Every structure is written in structure tokens, then in C-alpha cells.
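A quick write-up on the structure given underneath.
Every read-out reported here was derived from the displayed coordinates using simple, explicitly stated rules and does not represent laboratory data. Since the structure is predicted, the reported quantities are computational estimates derived from the model, not experimental observations. Glycine gets a Cβ as well: all are built from the backbone with ideal geometry, and neighbour counts include every protein chain shown.
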Amino acid sequence: MYGQVLGLDIGSWSLKGVVARGGLGRFEILRYTGEVLREEGASEIGDPAAALSHALSLFREIHHLAGMDPICTLPGPMTSTRRLSLPFSDPKKIRQTVPFEVESQVPFGIEEIVLDYQVLETAAEGADVLVGLARRELIARHLRVLEDAGLDPRILELDAPSLANLAPFLENADGFAFLADMGHAKTALCALSGRKLHSARTLPLGGLTLTLALADDLRVERGEAERRKHEAGLDLLHPSHPAFARALDRFVREIDRTFTAPENARIGRPDRIVLFGGSARMRGLSEFLQERLGIPVEAPVFRADERFAWRPDAEEALVAPAALALALRGVLRPPLSRLNLRQEEFAYRRDFTVLRRRFLPTVSIAGALLLLVLVNIGVIMVQDRRQIAKLDAQMAEIFRQTQPGVTRIVDPLSQMRAGVSEMQRRAQALGIYGGNVTALGVLREISSRVPPGVDVTITDLSIDEARIRVHGSTPSYELVDRLKSDLQQVSFFREVNVADVKTDRDGGKSFNLTITMGTPGAPVAPAGMAPRRRGA
């Protein structure tokens, strides 16, 4: 996702949001904001769902959160997680098998639930998969509440698994660690092994459980019990408050039961619990859990990271992690938790009006830039065409000057190349480019072979690369034979043939002489023969 995202932690006691900006593999955590939900507001409206929608709408407006992409969770009591071990790791088989495996473990038909899964580990013998699921009617109800508040979350995560996205940014998340988000109505537990998601569970126990137990012990209203809990914390753990003690015992047992679940027990006892959430601020709670569980219980310690423009203080470090985990879910590539219950009929569909409002300025700028690019390309093409036309005219003029005999000009460049090739061929035949045998050398050699004092008249001479044709006349047959014999002695004349010897009207003998060229040698004129030639 590119742009600003809002990690929105919707609790039963307060609303918390973390704003992040991400895109192209980079991100920045910008700010945190929170607001307490007041019960009197809900009682005035009457309907809890309507009260929550109203509170969410005000929260967005007051804290300037409109226009951001929200990422939320489905409340923990509405969801369930299962860790499955499958005897294969093929993605297609996993996708086909997960629904059937889950159906045998839940009291609902597969058509009543929506699920998503994430492969945690793969090996040659199989794969471990974390499955998150919820009933369709609960998802639809929650999405209606968000829609009434003007929210359309792209991702609907599960609260416990989403906490894994904090792992890269915590100093104290090494080894086998449990992240525990203790809220007002529930506690989300996320197990990390090597800073990777291992398992997840949500307990239906939280600060409210302790408040109600204390109200029974003190025989006071819930609001008064809440106030005393905040003031005294675990100093209230006293034999005179048995309900409060039982609630704490139940909380400890459920946490320990999570540790001893098969998927966790095979790793061993956790190295630490990182405790946060609104109810984690209760005085003495960390020390109590550490003593009862025999495991170090610590507050989250965030690493220094230049991508965090917002630096959480001690209070925010306890109440903001769940919202921060959701913001990171939207900007990390890849995120450590990848469950999303917006599947099937609940799949996310972006409202076009929202897209238009958000991207219209960008699209307008891009359109203007594209128009400028097209105009620039058009100008360059026109200039290039004019230049090409000018060059064509210049080539045609040069061709007319060099080839005045050609009247039809179709492709001046190709015609000029053909003319140059022809001239090169003729020049080669005339010996302009050098070599042992040239046309002039051949004429000189023929002339030197004519006997002294004998008139030989050559009326036609044709020379090409392989053959010489001579038509001439001489006074007698004997002179024709002698000329042939002398020419056969030339080293680069392979064959000499005489044909069509006839008596002409002057009494002389006309003849056709054909000389076939051979491998060039060094021509040497016969001794005592001075070159002599008479031509027509």
C-alpha cells in the first residue's frame, strides 16, 4: 500500500490509533492518538453498536484521521485460531485441505464461517499452518458498525496474531517469547519463536474480569470498583477479597494453559512475557504474574529506529502496541502476520469516489506530464521529418549531378550505392586498385606478341574479369596461327582459342580470338619483340 494507513485498535474501554506512511518498500511511523470511550455516551444512544459507530466517527474527526486506510481487528471473542500440522507442504494441497480440517474442529458448518490461514513453517515432512476464523454473521455485524462510522478497512486481522508485527522493533522479543496485550475485556497472547509468529490465542479475560470480581467483594458499583482497582492495584489482593483472588488465579491458569498447549510445549517454557495493554498498568500485576508463573514479565522496550518519527513514552509504550502492530501490518513488506478475514463476500472493494478524491491531484499532474511528453515527441517527430526531407532532397541533387544519365530517381541512396558498386567493379577490371594483371597490362601484353612488321588490325576488344574477346584481321592464316601460339606463352592466359577465320573482301583474314584468364603471373615480353599494335 502507498499512502497513510491507520492502525486502529478498537477496545471496549478506549480507541487507539497509530498513523504510518509507507510505499515502495519504505515506511515511517508518524504519530499516535487515543481516546477513552465513555459509557455515558453509549447509554444516551442506547444501542452499543450505534454508540461505537458514533465514537469512531468522532474519533476520526477530532484527530484528523479521515482519508486514511484503516486496518482493524475483529474483536477477540468473535474469532478463533487453530494451529494445524499437515503431512505435506504443497500450497495447493494446503488450500484444499484447511477447510475440511477446520470443519472437524469447530461447532459450525463450513458454510457458516470465513477463514484465512498462514503457513508458519515448512519442512520435508509437512507444514504447520495457523488458521483464523469467525462466523459470517459476526463479521457482517462488525463491518456494518465500521461502515456507519465511515470506515472501510482493507484488512480485518485477528488481534493476537497481529501482535507479531511488533517483533522486529522490540529489544526483548528474542528466543521463545509471549506478547501479552491485556485489555479491558480480553487478553491477546502471541507466541514468537525466533521473532516469528508461532501461535496465538485470545483469552476472554481482562481488566473488566478483575473489576467485576472486586465489585462483588466490596459490594460497590462497577465504576467505584474500577476506581479502587486503579488506585490500589494488587494491594487489594487480600483474604477478604476472595472473588478478586479467584479472578487472578483463573487468569494465571489460562496463561499457563496456553504455555502447556502441545504446539508451545514442544518448544519449552517461554523465556519471557512482554506485557502491555491498558490493564497491564495495574500496580503490582507484572510482579504477581512473574512470581506465579516463574517467568520474567517485562514491559515492551522499543529499539531506536529512524523510521519512527513518533517515539513512545513510558505510558504510550504500554497502551499503543496493538495499534502500532496494525499500522505495521499495513506497511511492512512482508508483514509477520498475514491473516485477513475480508474474504469471499466480505472481500475489500475500494469505493471509486474515495479513489477519485485521493488520487485526482496525482492523476491530474500525471496527465499534464503525459501531455507535455506527447507534445514534445510530436515536435521532435516533425523536426525529424523536415530534416529527413531536406537530406533526401540533398541526396537526390547529388545523384543527379553524379548520374546525369539517369532520369528516373526512386531511391537516391540505393541507386547511388548500386552506381558506386558498378564503378568499383569497372575500376577493378581496369586495374585502378592495383594487382599483377590489369586491363592496360593485358593490352600491352597482346600488343607485344604481334610479330614485327606485321599488320594486325583489331576492330573490337572486350575485357572482363575472366575473359578477353578480340575481333581483328591479318594478311594470312599463318599469322593468325603464330599470334595464337605466341599468346599461349603468356603465363596468365590459361587458354587461347581462335574461331571464325574468314577471308575478307580486301583479301585479308578476319578472326575471333578468345582468351581465358588464369592465375596471374609476372608477364615477360618475348625477347627481340618490340610492342606494336594498330587498331581501328
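Judged by the mean number of other Cβ atoms found within 10 Å, the most tightly packed of the peptides 512-518, 415-421, 25-31 leads the ranking 512-518, 25-31, 415-421.
Between helix 439-448 and the chain there is an angle of about 20 degrees, using the helix long axis and the longest principal axis of the Cα atoms. With r defined as the distance between the Cβ atoms of Ala265 and Asp384 and R0 fixed at 56 Å, what FRET efficiency is calculated, to the nearest 0.05? Result of the calculation: an efficiency of 0.15. The slack between Gln96 and Thr459, meaning 0.36 nm per residue of separation minus the straight C-alpha distance, is 120.8 nm. The computed percent of Cα pairs over 41 Å apart for the structure shown corresponds, within (1) 22; (2) 51; (3) 27, to (2). Taking the alpha-carbon distance from Lys502 and a cut-off under 19 Å, which aspartates and glutamates remain once sequence neighbours fewer than 8 residues away in the same chain are dropped? Counting by Cα, and skipping residues close in sequence, Lys502 has these aspartates and glutamates nearby: Asp455, Asp460, Glu478, Asp481. If both residues of a DSSP beta bridge must be in the chain, then about 80% of such bridges are antiparallel. To the nearest ten degrees, helix 222-232 and the longest principal axis of the Cα atoms of the chain are 80 degrees apart.
Summarising the label geometry, the points placed 7 Å from Cα in the beta-carbon direction at Arg482 and Glu422 lie 4.3 nm from one another.
Once the chain from Val301 to Arg26 is taken as fully extended at 0.36 nm per residue, the excess over their C-alpha distance is 96.7 nm.
Potential lengthening of the chain between Phe108 and Arg349 amounts to 84.0 nm, from the contour at 0.36 nm per residue minus the alpha-carbon distance.
Compared with the dominant Cα axis of the chain, that is its longest principal axis, helix 321-331 is turned about 20°. If you take all other residues with their beta carbon under 15 Å from the beta carbon of Leu339, and give Lys and Arg +1 and Asp and Glu -1, the sum is +4. Pairs exceeding a 31 Å alpha-carbon distance, out of Lys196/Lys229; Lys93/Lys186; Lys93/Lys196: Lys196/Lys229; Lys93/Lys186. Couplings 3J(HN,Hα) of segment 380-397, computed from phi: 4, 5, 5, 4, 5, 5, 4, 5, 5, 4, 5, 5, 4, 5, 5, 5, 5, 5 Hz, in residue order, whole Hz [Karplus 6.51 cos²θ - 1.76 cosθ + 1.60, θ = phi - 60°; x for Gly and Pro]. Annotation: peptides 105-112, 251-258, ranked by per-residue average of other Cβ atoms within 10 Å with the highest first, follow the order 251-258, 105-112. Each stretch of four or more DSSP H residues adds -39500 (n - 2.57); spread over every residue of the chain, this sum gives -12500 deg cm²/dmol at 222 nm. The distance linking segment 455-511 with segment 52-97 is 107 Å (Cα centroid to Cα centroid, whole angstrom).
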